[in-house]
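Worksheet: one structure, shown below.
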Amino acid sequence: MNETNTGSITNFDYWKSAYAGRASNLSVSEVRALFAVVSRPEVVSLAGGMPDVSELPTEGLNKAFDSLVSTRRDLALQYGGGQGDAKLREQIVEIMALEGIQGSAEDLIVTTGSQHGLDLLADLFIDPGDVVLLESPSYVGAVGIFRHKEADMAHVHTDNDGLSPEALQQSITELKAQGKKVKLLYLVPTFANPSGVTIPTHRREEILKICESEGVLIVEDNPYGQLYFDEVPPDAMRSMSEQHVVYLGSFSKILSPGLRVGYVLAPPAIREKLTLANESSILSPAMFGQMLVSEYLTVNDWKKQITDYRDIYRQKRDAAIEAIDKHLPDIQTTRPRGGFFLWVTMPEGVDSKAMLPLAVSELVAYTPGTAFYGNGMGKNNLRVCFSHPSVERVSLGIQRLAGVINNQIDLLKTFDAE
Ligand code: PMP
């Protein structure tokens, strides 16, 4: 018999039998489960992908806030249109131009973070069993959405230059031969989460050609493109095709994830459906957040702030790589040229999920590799996020992590020897 939710007795299974079937695909992610641990100040968290908002200029934020509240308060506190604030959309066109995109504000839909844009897209395209192609590894939040929509997730071979076009063609051919509907290719082509790798221009062109001829829509998710450390990355894939690429952008990494402002640049053919989906889901994206972003961009030198962020994150990347080279000289790791992440491959047999409690007891946290796959792969991988701790703590965190990894490797060798 079901218990009732009274007093201190809470039966969390009380409504379980009434849930929709797909609710079973919602489970606590590896990242979520870490949040409680990670907030302890003594733990160096190399886990959650958080920007270093402490580096944002207080004066600039105050200026934007004061100006918004004193001049357009009533608009900002009201409902808005389902497609998003018109002025902000014009400003987004300017930002996207930095990535080679000739977009139109007409084709933009502002969403509650780009995560919401991806959720709407998945809702629009995915019936249970439809195939979504993904990088190996892929963004944990995307894996979560596609799992919830009951998609069949197919990870495509990925190397230090990102997704392999040959492997993509092979996967599509095989999946179609099995009678599957291959609907979407989800990509983070620039400074990927979690690997940090970037797809060069020639591969972008090949991938696009394959998807055009196979009728697969590319979802290009690009929250990190502006955060490069050395040279400017290749132009966005959306700049190469209007009809076959949906582009997701976000203010979360260049400004603040707390404002929850992201956007979708949709092919004209799906723009209206996406706007309707946005309205159906949230009525209108939050006006206050949108207008605050818009005001911030108007009254501040936002390009300079992005340049500052590049310097800050470059220093943190350097600290991470330097510590890895020093303490884990034999380990395989990516060397990102932008973004927040690097991807560590440990010897077969080291289990990053099982290792996590040991790491936390050594006061360091990371995200286990299996979080970034829809199929259980990534056991001997882990993601390091270097964006949030200070430079010194990034070094300290890697040093602690190296101690734990080296112990595991030594243990493996002992087992092998026995
Ligand atoms: N895509 C990728 C690749 C990300 O790393 C993130 C944030 N971790 C998101 C989307 C979600 O961003 P937002 O805050 O705009 O929803």
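The values are calculated or read from the model by the stated rules, or taken from the named source; none is laboratory data. Just so it is clear, the structure is predicted and the values come from calculations on it, not from any experiment. All Cβ positions, glycine included, derive from the backbone under ideal geometry; neighbour counts span all protein chains shown.
Things to note:
- In the stretch 247-270, the residues that are of a type in the set (Ser, Thr, Tyr) reach residues that are surrounded by fewer than 21 Cβ atoms within 10 Å (Cβ to Cβ) with C-beta atoms within less than 6 angstrom, at least six apart or across chains, in these pairs: SER256/VAL53.
- Of the criteria (1) within 20 Å of SER250 (Cα to Cα); (2) within 13 Å of the ligand (Cβ to nearest atom); (3) of a type outside the set (D, E, K, R), which one PRO137 fails: (1)
- Test: residue in the stretch 224-234 that is within 16 Å of the ligand (Cβ to nearest atom), aromatic (Phe, Trp, Tyr) and assigned to a loop (DSSP other than H, G, I, E, B): yes
- ALA97 meets all of the listed conditions (1) within 30 Å of ARG335 (Cβ to Cβ); (2) in contact (Cβ under 8 Å) with a residue 12 or more places away in the chain; (3) not charged (D, E, K, R) but one, namely (2).
- Test result for LEU133, within 30 Å of PHE386 (Cβ to Cβ) and touching a Leu at 6+ places or on another chain (Cβ under 9 Å): yes
For (1) more than 20 Å from SER138 (Cα to Cα); (2) more than 16 Å from the ligand (Cβ to nearest atom); (3) in a helix (DSSP H, G or I); (4) of a type in the set (Lys, Arg), each residue gets a yes or a no:
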{"position": "GLU166", "(1), (2), (3), (4)": "no, yes, yes, no"}
{"position": "GLN169", "(1), (2), (3), (4)": "no, yes, yes, no"}
{"position": "TYR186", "(1), (2), (3), (4)": "no, no, no, no"}
{"position": "ALA192", "(1), (2), (3), (4)": "no, no, no, no"}
{"position": "THR198", "(1), (2), (3), (4)": "no, no, no, no"}
{"position": "ARG204", "(1), (2), (3), (4)": "no, yes, yes, yes"}
{"position": "LEU208", "(1), (2), (3), (4)": "no, yes, yes, no"}
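- Those residues of the stretch 125-148 which are surrounded by fewer than 20 Cβ atoms within 10 Å (Cβ to Cβ) and charged (D, E, K, R), in sequence order: ASP127, ASP130, ARG147
- Some residue of the stretch 53-69 being touching a residue at least 12 places away in the same chain (Cβ under 8 Å), among the hydrophobic types (A, V, I, L, M, F, W, C) and within 16 Å of the ligand (Cβ to nearest atom): yes
- PRO257 being buried (at least 20 other Cβ atoms within 10 Å of the Cβ) and assigned by TED's automatic domain parsing to the domain that holds GLY289: no
- Among residues of the stretch 103-124, those that are more than 10 Å from the ligand (Cβ to nearest atom), surrounded by 19 or more Cβ atoms within 10 Å (Cβ to Cβ) and outside any loop (DSSP other than H, G, I, E, B), counted: 7
- Checking TYR247 against (1) surrounded by 19 or more Cβ atoms within 10 Å (Cβ to Cβ); (2) in the same structural domain as GLU392 (by TED's automatic domain parsing); (3) not acidic (Asp, Glu), the condition it does not meet: (2)
- Residue list for the stretch 264-273, filter: buried (at least 19 other Cβ atoms within 10 Å of the Cβ) and either over 21 Å from PRO189 (Cβ atoms) or within 9 Å of the ligand (Cβ to nearest atom) (or both): ARG271
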